[in-house]
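What follows draws every value from the coordinates through simple rules; no lab data is involved. Given the structure is predicted, the values throughout are model-derived calculations rather than measurements. Note that each Cβ is placed from the backbone with ideal geometry, even for glycine, and that neighbours are counted across all protein chains shown.
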Amino acid sequence: MQNLNITFASNPTVFIIALIAGVVPSVLWLFFWLREDENGQHEPTGLVALTFIAGMVSVILVLPIEKFISTLPFSHTTLIALWATSEEFLKYAAFVIIMTRSPYLDEPVDYPLYLMTAALGFAALENAMYLIHPVAVNDATVSFLTGNMRFLGSTLLHSVSSGIVGLSIGLAFFKSSGSKFFYTIFGLAAAIALHSVFNFFIMQKNGENFLQVFGFLWVVTIIIMLLFEKLRRMGSYVQDQQQPTPVQYAQN
């Protein structure tokens with residue numbers, strides 16, 4: 001964070017450009033996922049924005065944790081898994097802090113939607129941090145080609161991994177509290193595994209196998225879209241249960 005402060009103080013234009021470049025892909029993905037819920041109720045813009053910002057704040061909180069993890073005497077593979085774990089838990093924490101007891105969390109599909117919103121906020125600031133140096137030296141294109149290929153997939157990675165957690169919780173919408181806890185743990189474990197595998201293969205060969213890993217992410221994304229449809233149908237059942245029957249109308 002010290003480097004970020006120096007960059008903003010010495011050249012705020014660089015920071016602003018990097019922030020915009022980092023935020024735009026996340027916002028585009030956010031619009032995409034919001035449209036996936038177009039058959040449901042419109043989510044409050046303020047609540048969506050607040051969840052997005054909470055995801056951005058979680059980046060700041062995860063930095064000292066990841067710095068501490070890097071000092072631990074573990075193998076590189078273990079460190080990658082621990083870094084992924086810290087990020088997935090912080091994104092989930094951002095969702096919990098904003099959405100706990102929210103009356104708008106009333107359909108199964110809302111869980112992946114708001115979790116992915118927090119994840120996209122996380123990705124936005126993380127991407128901005130990766131872009132500060134190449135923007136400062138006016139060499140963004142070369143930087144992408146020679147070492148920052150991870151930037152291109154991080155937005156999709158964060159939204160997909162958190163989407164897995166949200167889908168797991170959403171699938172347990174009608175289940176007991178114990179089952180919901182189990183589904184949540186399973187979702188977090190799956191998200192951490194996906195995140196760790198992505199980072200491992202990207203770092204292993206400095207991004208040489210990026211296209212293969214990115215292609216795999218798209219396969220997971222398609223699966224998530226299909227599960228979104230299942231949660232939408234579950235949400236339709238919830239709405240049908242809430243609609244008054246003709247007898248209830250007559251009684252009123």
In nm, give the distance between the simple-model label positions of residue 66 and residue 13, each being 7 Å from the Cα along the Cα-to-Cβ direction.
2.9
Label-point separation in nm, residue 214 to residue 20, each point 7 Å along Cα→Cβ
2.4
I'd like the distance separating the alpha-carbon centroids of region 162-183 and region 22-99, in whole Å.
18
Residue span residue 182 to residue 35: 0.36 nm per residue of separation minus Cα-Cα distance leaves a gain in nm of 50.0 nm
Cα-projected label distance for residue 43 with residue 78, points at 7 Å along beta-carbon direction, nm:
3.7
For residue 109, enumerate residues with amide H under 5 Å from its amide H, sequence gap 5+ or separate chain, H modeled in the peptide plane.
235
